[in-house]
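The values are calculated or read from the model by the stated rules, or taken from the named source; none is laboratory data. Everything quoted here is computed from the prediction, not taken from an experiment. Here the Cβ positions follow ideal geometry from the backbone for every residue, glycine too, while neighbour counts run over all protein chains shown. We work out accessible area using only protein heavy atoms, side chains counted, and drop any ligands, DNA or RNA first. Shrake-Rupley method; radii C 1.70, N 1.55, O 1.52, S 1.80 Å.
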Amino acid sequence: MGINMNTKVKIAGVEFKNPVMTASGTFGSGMEYAEFVDLNRLGAVVTKGVANVPWEGNPVPRVAEVYGGMLNAIGLQNPGVDVLIERDIPFLQQYDTKIIVNVCGKTVEDYLEVVEKLGDTAADMLEINVSCPNVKEGAIAFGQKADCLYDITSEIKKKAKQPVIMKLSPNVTDITEMAKAAEAAGADALSMINTITGMKIDIHKRKFVLANQTGGLSGPAIKPVAVRMVYQASRAVKIPVIGMGGIACAEDAIEFLMAGASAIAVGAMNFVNPCVTMEIAEGIEDYMRKYEIESIGDLKMDLP
Ligand SMILES: Cc1cc2nc3c(=O)[nH]c(=O)nc-3n(C[C@H](O)[C@H](O)[C@H](O)COP(=O)(O)O)c2cc1C
C-alpha cells in the first residue's frame, strides 16, 4: 500500500506534471538533450532566450570553469523568434511537457514584438529575462531598477496572451523590492535567480579569461544565495516563485521547494550530467514516498 502521491503543480493556471523544469539557456529547446532525457518526464522545458531578431552573442572565450560552477558571457546568442516559432515550438509539441519560452530584448519594443509573435503559438507561458548580466544595452537595467521593472512588466502584461513569469536578477540590494514591483505590475509568477556577475583573471597571461571581462556565475557555488532569495521573495509576494541556482540533485531541489518555491529549474548541471533533470524528478518522488508526503505543496515549510 503506497501513499496517494501527486507531483503535479499549478502555476498561474497552468498545470505541470511535476515541478522540474530546465533553466533557460542550458538546454537549448531540448533537441540536443532528447537523446539523453525523456522530455515527457519534465514539468516544462524552458527554452533559451529569444529576441525579435537573431543575435550573434559576445566574442569568445565566453565560458570558463570556476570552483563550484562556471562563468558565462554568451550574450544571449539566439536565432530570433521566427525560427523558434517554426522549428523549436513544433519540436516541443511532440512531447507531453509544458513549453515556457524565455524572452530577451534590448528595448521594451523588442520584448513586446516577441511577446506578440508568441501569442498565437503553443507556448504555455512566457518567461521574461530582465536579468542577463552579459548584454550591454537594456536587459539587466530593467531588472535592477524597481520602477523600470514595473514599467516593462505592465507593458508586457498588456500584450501577452500567456501568463508571464518575470525572471529576476540577484544583482540587486533588495530582492523583495523587485519581487513586489513585478507583482504590483501584474506578473503572474517570478523566477529566480539568474546568474551573479563574476570575473576570472588568467594570472599567467595577465588577462581576463572572458572576452567580455565579466560573466554570470552559475552552478552549485550560487545555491545558498538563491535559496535565500527564493525564501525572501516568496514571503514578500503572493504570486508563485520558480526557484533555480545551483541545483545539482533532488535534495537541492527539495531545499528550494521548502524555502518557498512552487517549482524549480536546473541549469549549469545539465552540462555536467545531461540526465540530471530526470534524476531529480525521480529523486523528489523517492523523497515523497519515504516521508509519506502526498503533494509538492506539502514540502513548503512553515518558516517564519
Ligand atoms: C550558458 C548559460 C546560458 C544562459 N542563458 C540564459 C538565457 O538565455 N536566459 C535566461 O533567462 N537565463 C539564462 N541563463 C541563466 C540560467 O537560466 C539560470 O538562471 C542560472 O544559470 C542559475 O541556475 P544554475 O546555477 O542551475 O545554472 C544561462 C545560464 C548559463 C549557464
The answer for the net charge of residues other than Met229 whose Cβ lies under 14 angstrom from its Cβ, with Lys and Arg +1 and Asp and Glu -1, is +2
Rounded to the angstrom and largest first, Cα extents along the principal axes for the range 103-209 equal 53, 29, 21
In nanometres, the difference between 0.36 nm per residue of separation and the alpha-carbon distance of Lys290 and Asp147 is 46.9 nm
Two pseudo-spin positions, 7 Å from Cα along C-beta at Asp38 and at Gln94, lie apart in nanometres by 1.7
Carbon plus sulfur, as percent of the 1.4 Å-probe accessible area of the chain, comes to 51
accessible surface per residue for the chain, probe 1.4 Å, DNA/RNA/ligands not counted, whole Å² -> 44
Expected unfolding gain across Asn171-Lys158 under the 0.36 nm per residue rule, minus the alpha-carbon gap, is 2.0 nm
When the charge dipole of the chain is computed with +1 at the Cβ of Lys and Arg and -1 at the Cβ of Asp and Glu, the Cα pointing farthest to the positive end, of Met229, Ile89, Ala261, is that of Met229
Too long for a 21 Å Cα-Cα cut-off, among Lys48/Lys167; Lys106/Lys223; Lys159/Lys300; Lys117/Lys159; Lys48/Lys106, are Lys106/Lys223; Lys159/Lys300
Honestly the range 162-267 on the Cα gyration tensor test (a ≥ b ≥ c root eigenvalues; a/c under 1.5 rounded, otherwise a/b vs b/c for prolate or oblate) is just prolate
On the formula 1/(1 + (r/R0)^6), with r taken between the Cβ atoms of Lys238 and Tyr67 and R0 of 30 Å, the FRET efficiency rounded to 0.05 is 0.20
Protection proxy (average C-beta count within 10 Å per residue), highest first, orders 13-26, 203-216 as 13-26, 203-216
Stokes-Einstein, Kirkwood over Cα pairs, the chain, 37 °C, 0.692 mPa s; D in µm²/s equals 172
Normalised per residue, the volume inside the convex hull of the alpha-carbon atoms of the range 5-118 in Å³ amounts to 141
